[in-house]
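Take a look at the structure set out below.
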Amino acid sequence: MVLSGFVAGFINQYFSQYVRNVDPKNVATSLMGGKLSLHNVELKTEALDFLQLPIEVHAGKIGRMMLSLSYTRLSTEPVTVVLKDIYLIARNRTSVAYDLKEACNAVISAKLAKLENWQKKQLSPSPTEKNNRVGKEKMKFQEKLALTILKNLQVTIENIHIRFEDHSNGGKFVPCAGVCMKQLTICTTDADFKKKFDSNHQSKIHYKLLEFKDLGVYFNPKSNRIERSELLGDYFEHISEYKHLVSPFGGYLRARLSSDVKNTSEPKLAISCGFPSLRVSLAKEQYRSCLDMLLSLSRTRSRIDEILKKAKNSVDATEEANSKNQSKSCQERYILIYKKNLNTQGWLSPKTEAEEKELLEMEQGLKYEALISLRLTAMAEVRRQLGPGKDLMLREDSEAEESKNKSMFGWVFGRSNKSKAPHVLESELQRERESLYASIEFNANDNSESEPNLPK
């Protein structure tokens, strides 16, 4: 249960943001049985939009994903990961480059992402909380579990084809570039780099071997457009039809890792590699077409920068106007709704769908600095209401923590100190705010005051 929950949480948090049709509940349920198998997993075309690259994902999928692990046999069997048929098609970005509305949405999304990152830091355990007995036990357990998995992790990836098509000329045929690989494996070995399960928990030296087959890079000046990612699998059956810059080759990488912090005479990481054969070629037609493609990407990058600058100016102007028109009641409304995100432990009900929408609209329209100020106020009030010895966290994290405490592994994750009533009532906080506003002669509609100098 603990192992499946740990791995499922990792997959759902980091992997699911890049793929579609992955149900977190199904992942957790499958891992409880020791195996996870997913077929035809679709990659999200918008997953890399936050990077604001001059390219975008047109289509992509992973044909098969398999994960095998057993918490009862971690000391005798490796955790195995198998990925097959990874295909991705990328093209020139057009949406942000030409659409001001889309660019404004991108600027707002970046602000909200920055706001959430700030929130994670504010709600992370303080050094005092980390030093208590339960916190130490939890951290030690999770670190030990992660190290045990990684020490003997065995990864196999088969049939990778990543292709970029330049559609800037609008013709029937397009120049394209691609990276392909038939197979890649990573495993734990002995000192002679022979595959072996490492069962020595006291050893501070570990060995890893990476091997790959048929890694190639091609550039075709004229090629048919490909709309569906599964068609990229034909590469491995028609390799001769592609004009390679780097002909398919194989090789290996050997790594020696040391976790001995006291031994300073040896490197922490030593790597050696070998390639039996490597052939590189570049024809004149490929060279010219490659320069045209790079020029097209550079122009797209310039257009993106220009439109994003206009979008930022537009969003800044809207936020400035909203900040000037923001009333005290709006500020208090935001504080109240945001507090429902936190572990108010029963004295505030969860947000309704209407309140969720209202909160999002306010966050989209207000400045980052103003939102930070309002969130800090809400957090400070909830800390007072929780009383001493209570951790400030998100409502869903608090509920998950309570659920864990009820399980047989509750000693690992800490114990709950749930309270049904706040130490300070909302009405008292409201009176304190009114008194503070009056004492400093604060007027929410007064535009003469500058924004607080908060970290951005």
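Bear in mind that the values in this text are calculations on the coordinates, not laboratory data. The structure presented is a predicted model; accordingly, all values stated were derived computationally and were not measured. Note that we place each Cβ from the backbone using ideal geometry, even for glycine, and neighbour counts take in every protein chain shown.
What's the lysine pair count for the stretch 159-238 at a Cα cut-off below 14 Å, pairs eight or more apart or interchain?
Numbers: 172/222; 182/213; 194/208; 195/208; 196/208.
Number of lysine pairs found: 5.
What FRET efficiency, computed as 1/(1 + (r/R0)^6) with R0 = 25 Å and r the Cβ-Cβ distance, is obtained for residue 203 and residue 156, rounded to the nearest 0.05? Mind dumping the intermediate values first?
On the way: r = 24 Å, r/R0 = 0.98.
So the FRET efficiency works out to roughly 0.55.
Stretch residue 246-residue 330 to full length: gain in nm at 0.36 nm per residue minus the Cα-Cα span? Numbers along the way, then the final one.
Values: separation 84, 0.36 × 84 = 30.24 nm, distance 6.08 nm.
The residue 246-residue 330 span can extend by a further 24.2 nm.
Starting from the Cα-Cα distance between residue 396 and residue 113, subtract it from 0.36 nm times their residue separation and give me the gain in nm to one decimal. Provide the component values of the computation, followed by the final result.
Values: separation 283, 0.36 × 283 = 101.88 nm, distance 1.85 nm.
This chain segment gains 100.0 nm when fully extended.
Give me the one-decimal nm value for the distance between modelled label points at residue 94 and residue 121, 7 Å along each residue's Cα-to-Cβ direction.
Result for the modelled spin labels: 3.9 nm.
With r defined as the distance between the Cβ atoms of residue 101 and residue 287 and R0 fixed at 45 Å, what FRET efficiency is calculated, to the nearest 0.05?
Values: r = 39 Å, r/R0 = 0.87.
Working from the Cβ atoms, E equals 0.70.
If I model a spin label as a point 7 Å beyond the Cα along the Cα-Cβ vector, how far apart are those points for residue 353 and residue 430 in nm?
2.8
Tell me whether the stretch 162-259 comes out rounded, prolate or oblate; compute the Cα gyration tensor, take square roots of the eigenvalues as a ≥ b ≥ c, and use a/c under 1.5 as the rounded threshold.
On the way: a/c = 3.56, a/b = 3.23, b/c = 1.10.
Here the stretch 162-259 falls in the prolate category.
If packing is taken as the average number of other Cβ atoms within 10 Å across a peptide's residues, how do 75-81, 259-265, 177-183 rank, most packed first?
Values: 75-81: 15.4, 259-265: 8.9, 177-183: 19.4.
Descending mean neighbour count gives 177-183, 75-81, 259-265.
Let me understand the stretch 258-375 better: what is its radius of gyration from the alpha carbons, and its Dmax, in angstrom?
Spelled out, the Cα radius of gyration and Dmax of the stretch 258-375 are 27.5, 72 Å.
How long is the gain from residue 277 to residue 323 if the chain were fully straight, where each residue apart is worth 0.36 nm and the alpha carbon distance is subtracted? Spell out each step's value before the answer.
Values: separation 46, 0.36 × 46 = 16.56 nm, distance 6.37 nm.
Separation in residues times 0.36 nm, less the Cα-Cα distance, equals 10.2 nm.
Can you list residues from other chains, or at least 5 along the same chain, whose modelled amide H is less than 5 Å from the amide H of residue 59?
89
Taking a threshold of 24 Å on the Cα-Cα distance, which of the pairs 367/390; 309/340; 121/324; 120/262; 309/367; 328/357 fall above it?
Numbers: 367/390 30 Å; 309/340 35 Å; 121/324 29 Å; 120/262 34 Å; 309/367 17 Å; 328/357 20 Å.
Long pairs (Cα-Cα over 24 Å): 367/390; 309/340; 121/324; 120/262.
Looking at the stretch 264-338, which trypsin sites (Lys or Arg not before Pro) are DSSP coil and have at most 11 other C-beta atoms within 10 Å of their C-beta?
Details: sites: 268, 279, 284, 288, 299, 301, 303, 309, 310, 312, 324, 328, 333; in loops: 268, 279.
The qualifying sites are 279.
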